[in-house]
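Colleague: Structure provided below as structure tokens; questions to follow.
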């Protein structure tokens, strides 16, 4: 009976190196591929962070070229930006592209909810209140007539403020030389002060009882000249108009020219 021959697997000196089998090679390639994939993911995540920070920090939209310079060689800038755009889709801030440049902006659908309006009450000066009272009680009245009643120059700023509030408006011109503008109150004035008509304004007896009637001028007076000089239009440190008394009739013409009045 013949015994089977067992191959001699003992390696001898000088034999060629033993090559790995297919299974070993496949495993090595898989490890290399996995490591490469992990590196790509880490690089992409870092590129996303850098691109996001750049776009948040910049004041102006950025081009892909400018972003790519910051990301470094080998970065897939377009893919990074598209992924970042997807991340921000549907959020309060979106990544958008316009004219080949990228930038963040708030979602247009939130525009109405982001728009806030706040009404800030403004404090009229005594000068403006007194001018308004004169117009209300003496309308239609010219600027020179207002100045005559008040005894001081009426600045353009005072009338501008009352115009801006919508409480006075021009009501034609007086048929005298120069045709000065006649001023009167508006429907907004009545609405603001809760009046149905001018006839609902307080009468003389009511004004006297309230201490608001200056018997020297016969109009509603809300402060003395000294008080008015210290009163501001909008709580500022400056008066809305210079308190310049009109020249008495016995003053010289030269002095009167120093403080001209306009209609």
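We did not get these values from a lab; they are worked out from the coordinates using the rules stated. What you see is a predicted model, and the numbers here were worked out from it, not measured in a lab. Neighbour counts are summed over all protein chains in view; Cβ atoms, including those assigned to glycine, are modelled from backbone coordinates with ideal geometry.
Colleague: Can you give me the relative contact order of region 84-203 as a percent, contacts being Cα pairs under 8 Å and 6 or more apart? Don't jump to the answer; show the numbers that get you there.
Modeller: Working: 114 pairs, mean separation 20.3, N = 120.
Rounded, it is 17 percent for region 84-203.
Colleague: Okay, next question. I'd like the distance between the alpha-carbon centres of region 151-165 and region 89-128, rounded to an integer number of Å.
Modeller: So the two Cα centres are separated by 34 Å.
Colleague: Can you give the FRET efficiency for residue 106 and residue 195, using 1/(1 + (r/R0)^6), R0 = 41 Å, r = Cβ-Cβ distance, to the nearest 0.05? Before the final figure, lay out each step's value.
Modeller: On the way: r = 45 Å, r/R0 = 1.09.
My answer for the efficiency is 0.35.
Colleague: What residues of region 58-85 lie in the reach of a label at residue 93, counting those whose backbone N is under 15 Å from a point 7 Å from the Cα along Cα→Cβ?
Modeller: From region 58-85, the list is 58-62, 84-85.
Colleague: Rounded, prolate or oblate for region 106-213? Axes are the square roots of the Cα gyration tensor eigenvalues, ordered a ≥ b ≥ c, and the cut-off for rounded is a/c under 1.5.
Modeller: On the way: a/c = 2.37, a/b = 1.71, b/c = 1.38.
It is prolate, given that a/c is not under 1.5 and a/b is the larger ratio.
Colleague: Also, quick follow-up: Where does each of 184-194, 84-94, 120-130 land if you order them by average Cβ count within 10 Å, highest first?
Modeller: Details: 184-194: 14.7, 84-94: 12.5, 120-130: 18.0.
My ranking of the peptides, most packed first, is 120-130, 184-194, 84-94.
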